[in-house]
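Visitor: Supplied in structure tokens, the structure appears directly below.
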Amino acid sequence: MSTPVADLPALAAQAGRDLETASAQEVLRWAVIAFGERFVIASSMGDGLLAHLASTVAPGVDVLFLDTGYHFAETLGTRDAVAQVYDVQVRTVLPLLTVAQQDARYGERLHERDPDACCALRKVEPLVRGLAPYTAWASGIRRDEASTRRDIGVVEWDAKRSMVKVNPIATWTAADVDAYVAEHGVLVNPLAFDGYPSIGCAPCTRRVAPGEDPRSGRWAGSGKTECGLHV
Ligand code: SF4
């Protein structure tokens, strides 16, 4: 029997405390047992780490990818490779408007003039729609990536979407990621080896210099640091 919606915030808070020191696999196993097919992984295809991890715990698990229409070809290629190689079901969600339709309605290069509006149209709304069939979702965000992510729980309540949010690698460091990728030969977006440690839409992502904050290449110079998916 599934947990009543009213009880989910408490369930998430308790699991966050109980699983704080658990391995990523244990966190994922808890989510799969608790939510079954109503649990989905979200991936931006910077790499296939979370998809690989989840496939070892729950073969065939759904992986949600938001195709904003502005992705690098390498990101779409990584999505296709993950779908081919790992035992997961990749589900691509598109915005309601194509880029051409958005340009016609709001003017060209909305991402330059109002990136929050562009992200709302091309990321935030599609994620809400893509997550609608599920009760819990997982992302690959980590506490050490940004000050805005320092307090994320391993499991937490996503009040904005009224869902349980699972962050299995919240406590990992960049070195932990590198070690897992090397050990398991995880698929990685080729741009990661070309100066892009954090990869978003092409117009809003630039290369970063060695030693620079890995996320400083996202919306560089605009003051924006998050697309609205994880805050
Ligand atoms: Fe638009 Fe840039 Fe946000 Fe992508 S990251 S949705 S191009 S503002």
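Visitor: With respect to ARG149, determine if the residue is basic (Lys, Arg) and modelled with pLDDT of 95 or more.
Guide: Values: basic (Lys, Arg): yes; modelled with pLDDT of 95 or more: no.
Spelling it out, it is not the case that ARG149 is basic (Lys, Arg) and modelled with pLDDT of 95 or more.
Visitor: From the set of residues in segment 45-85 that are of a type in the set (S, T, N, Q) and out of contact with any Cys (no Cβ under 7 Å at 6 or more places or on another chain), which is farthest from GLN25 (Cα to Cα)? Spell out how you get there, then give the answer.
Guide: First pass over segment 45-85, keeping only residues of a type in the set (S, T, N, Q): 55-56, 68, 75, 78, 84.
So of that shortlist, the ones also out of contact with any Cys (no Cβ under 7 Å at 6 or more places or on another chain) come out as 55-56, 75, 78, 84.
Values: SER55: 10, THR56: 8, THR75: 25, THR78: 22, GLN84: 22 Å.
For segment 45-85, the residue satisfying everything is THR75.
Visitor: From (1) closer than 22 Å to ILE199 by Cα; (2) in contact with a strand residue (DSSP E or B) (Cβ under 6 Å, 6 or more places away or on another chain), pick out the condition that doesn't hold for PHE35.
Guide: (1)
Visitor: If you don't mind, there's one more thing I want to ask. Within segment 90-100, restricting attention to residues that are surrounded by 13 or more Cβ atoms within 10 Å (Cβ to Cβ) and not β-branched (Val, Ile, Thr), which residue is farthest from the ligand (Cβ to nearest atom)?
Guide: Here is the first cut: in segment 90-100, the ones surrounded by 13 or more Cβ atoms within 10 Å (Cβ to Cβ) are 90-95, 97, 99.
From the residues that got through so far, the ones that are not β-branched (Val, Ile, Thr) too are 91, 94-95, 97.
Working: ARG91: 19, LEU94: 12, PRO95: 8, LEU97: 11 Å.
Here the residue is ARG91.
Visitor: For segment 14-32, which residues satisfy the criterion of being surrounded by 21 or more Cβ atoms within 10 Å (Cβ to Cβ), closer than 30 Å to TYR196 by Cβ and out of contact with any Pro (no Cβ under 7 Å at 6 or more places or on another chain)?
Guide: ALA31, the sole residue that qualifies.
Visitor: When segment 1-38 is examined, which residues are found to be of a type in the set (A, V, I, L, M, F, W, C) and over 22 Å from HIS52 (Cβ atoms)? Don't jump to the end; show me each part of the working.
Guide: Pass one, segment 1-38, residues of a type in the set (A, V, I, L, M, F, W, C): 1, 5-6, 8, 10-13, 15, 19, 22, 24, 27-28, 30-35.
Scanning segment 1-38 gives MET1, VAL5, ALA6, LEU8, ALA10, LEU11, ALA12, ALA13, ALA15.
Visitor: Report the residue count in segment 1-43 for those that are assigned to a loop (DSSP other than H, G, I, E, B) and modelled with pLDDT of 95 or more.
Guide: Total satisfying the criteria: 6.
Visitor: Restricting to segment 159-183, count the residues that are in contact (Cβ under 8 Å) with a residue 24 or more places away in the chain and under 24 Å from PHE39 (Cα atoms).
Guide: 16
Visitor: Would you confirm whether or not segment 124-146 contains a residue that is more than 14 Å from the chain's Cα centre (by Cα), within 16 Å of the ligand (Cβ to nearest atom) and at pLDDT below 95? Break it down stepwise before answering.
Guide: Kept after step one, since they are more than 14 Å from the chain's Cα centre (by Cα), are these residues of segment 124-146: 125, 129, 132-135, 144, 146.
When the remaining residues are screened for being within 16 Å of the ligand (Cβ to nearest atom), the result is 125, 129, 146.
From the residues that got through so far, the ones that are at pLDDT below 95 too are 146.
Among the residues of segment 124-146, at least one is more than 14 Å from the chain's Cα centre (by Cα), within 16 Å of the ligand (Cβ to nearest atom) and at pLDDT below 95, which makes the answer yes.
Visitor: Looking at segment 169-187, is at least one residue modelled with pLDDT of 95 or more, surrounded by 18 or more Cβ atoms within 10 Å (Cβ to Cβ), within 13 Å of the chain's Cα centre (by Cα) and assigned to a loop (DSSP other than H, G, I, E, B)?
Guide: Scanning segment 169-187, I find at least one residue that is modelled with pLDDT of 95 or more, surrounded by 18 or more Cβ atoms within 10 Å (Cβ to Cβ), within 13 Å of the chain's Cα centre (by Cα) and assigned to a loop (DSSP other than H, G, I, E, B), so the answer is yes.
Visitor: Touching a helix residue (DSSP H, G or I) at 6+ places or on another chain (Cβ under 8 Å), of a type in the set (Gly, Ala, Ser), surrounded by fewer than 17 Cβ atoms within 10 Å (Cβ to Cβ) and under 21 Å from PRO190 (Cα atoms) - does that describe any residue in segment 114-126?
Guide: No: zero hits.
Visitor: Please work out which one of (1) touching a Lys or Arg at 6+ places or on another chain (Cβ under 6 Å); (2) assigned to a helix (DSSP H, G or I); (3) not aliphatic (A, V, I, L, M) is the condition GLU125 fails and give its number.
Guide: (1)
Visitor: Please work out if LYS165 is surrounded by fewer than 20 Cβ atoms within 10 Å (Cβ to Cβ) and away from the ligand (no atom under 16 Å from the Cβ). Before you say what the answer is, go through the steps one by one.
Guide: Numbers: surrounded by fewer than 20 Cβ atoms within 10 Å (Cβ to Cβ): no; away from the ligand (no atom under 16 Å from the Cβ): yes.
No: the conditions fail for LYS165.
Visitor: Could I ask something else about it? List pairs: first in segment 111-140 and over 30 Å from LEU11 (Cα atoms) and touching a residue at least 40 places away in the same chain (Cβ under 8 Å), second near the ligand (Cβ under 10 Å from one of its atoms) and of a type in the set (Ser, Thr, Tyr), Cβ under 9 Å, 6+ apart or cross-chain?
Guide: Short answer, once both residue conditions are applied: HIS111/TYR70; GLU112/SER222; PRO115/SER222; CYS119/THR68; ARG122/THR68; ARG122/TYR70.
Visitor: Here is a list of conditions, (1) more than 30 Å from TRP172 (Cβ to Cβ); (2) charged (D, E, K, R); (3) in a strand (DSSP E or B), and ASP62 meets all of them except one; can you say which number that is?
Guide: The failed condition is (1).
Visitor: For segment 191-202, which positions are in a helix (DSSP H, G or I), touching a residue at least 12 places away in the same chain (Cβ under 8 Å) and surrounded by fewer than 15 Cβ atoms within 10 Å (Cβ to Cβ)?
Guide: ASP194
The values are calculated or read from the model by the stated rules, or taken from the named source; none is laboratory data. Source: prediction; values computed, not measured. Please note: Cβ atoms are built from the backbone with ideal geometry, for glycine as well, and neighbour counts cover all protein chains shown.
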